[in-house]
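Worksheet for the structure shown next.
The values are calculated or read from the model by the stated rules, or taken from the named source; none is laboratory data. This structure is a prediction, so every number in the text was calculated from the model and none was measured. Virtual Cβ from ideal backbone geometry, glycine too; neighbours counted across all protein chains shown. Keep in mind that these areas ignore ligands, DNA and RNA; they rest on the heavy atoms of the full protein, side chains included. Shrake-Rupley method; radii C 1.70, N 1.55, O 1.52, S 1.80 Å.
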Amino acid sequence: MDMTAQAMPALMPCWSCKGPVATRALFCSVCGAVQGPGPVDHFTRLGIKATFDIDLDELEKQYFGFQRRLHPDRFAAKTPKERALSQSQATALNEAYETLKDPLKRAAYLLELMGHKVDLTACGTISDKSLLMEQMEKREAIAEADSVETITKLSAAADTDVLSCQCHISAAINGENLDEAVHLTIRLKYLVKLAEEARTKKSRLTRQAR
């Protein structure tokens, strides 16, 4: 899969011994000194393939394995610089993990790497009329639900819509139909919000029914 982001150097000099260090390495293979986070993408940082269809178990295994090696207790007797570098590495790994474990953030991040930016922070009017109508109808149904049975069905349907959209995003990215993938990722943003609203409404109606 072709990435449009500029290629980063594979090796950088160790700050301590000046020996060659891979940009995604946590420690120098020559002197063992901890390194600061290199200029690599989230997938490379966590050592997994750059794809939407990631193995979440592998992602978690990689993340927690790296974080254990950077635990503060391991650096208690180190220099202030080494403690700061280990914390920077841990922060970078945490950012990568939080982005990649979330399907919506992962899709937007991967598409940006491929040169198609998706702004998940935009909160303006929906320009897609079909998406707008879909959101209005589903939000109205959730708002009007007045029984646990009704909201349970709506919540299940909302969760199904989220999963279905994720499958379509995967197909679009794998088929390199990136404009469609961008459209679907924007749709996923609103579907996720609807699913959250449905779960909140279900929780409230369930409490009231007790």
Discussion item. Would you confirm, using the coordinates I've provided, whether Asp146 is free of Cβ contacts under 8 Å to residues at least 40 places away in the same chain and either crowded, with 19+ Cβ neighbours inside 10 Å or among the charged types (D, E, K, R) (or both)?
Written reply: no
Worksheet entry | Search result, residues across region 103-131 that are open to solvent by 80 Å² or more (accessible area, probe 1.4 Å), part of a helix (DSSP H, G or I) and not acidic (Asp, Glu) | Lys105, Lys129, Ser130
Worksheet item: Yes or no: Ser170 open to solvent by less than 40 Å² (accessible area, probe 1.4 Å), touching a residue at least 40 places away in the same chain (Cβ under 8 Å) and touching a Phe, Trp or Tyr at 6+ places or on another chain (Cβ under 7 Å)?
Response: yes
Discussion item. Just to be sure I understand, how many residues within region 28-39 are out of contact with any helix residue (DSSP H, G or I) (no Cβ under 6 Å at 6 or more places or on another chain), modelled with pLDDT of 95 or more and crowded, with 18+ Cβ neighbours inside 10 Å?
Written reply: 3
Item to complete: Go through the residues of region 68-84 one by one and say whether even a single one is within 29 Å of Gly32 (Cα to Cα), assigned to a helix (DSSP H, G or I) and open to solvent by less than 50 Å² (accessible area, probe 1.4 Å).
Response: yes
Worksheet item: In region 86-102, is there at least one residue being in a helix (DSSP H, G or I), open to solvent by less than 60 Å² (accessible area, probe 1.4 Å), over 30 Å from Asp119 (Cα atoms) and modelled with pLDDT of 95 or more?
Response: yes
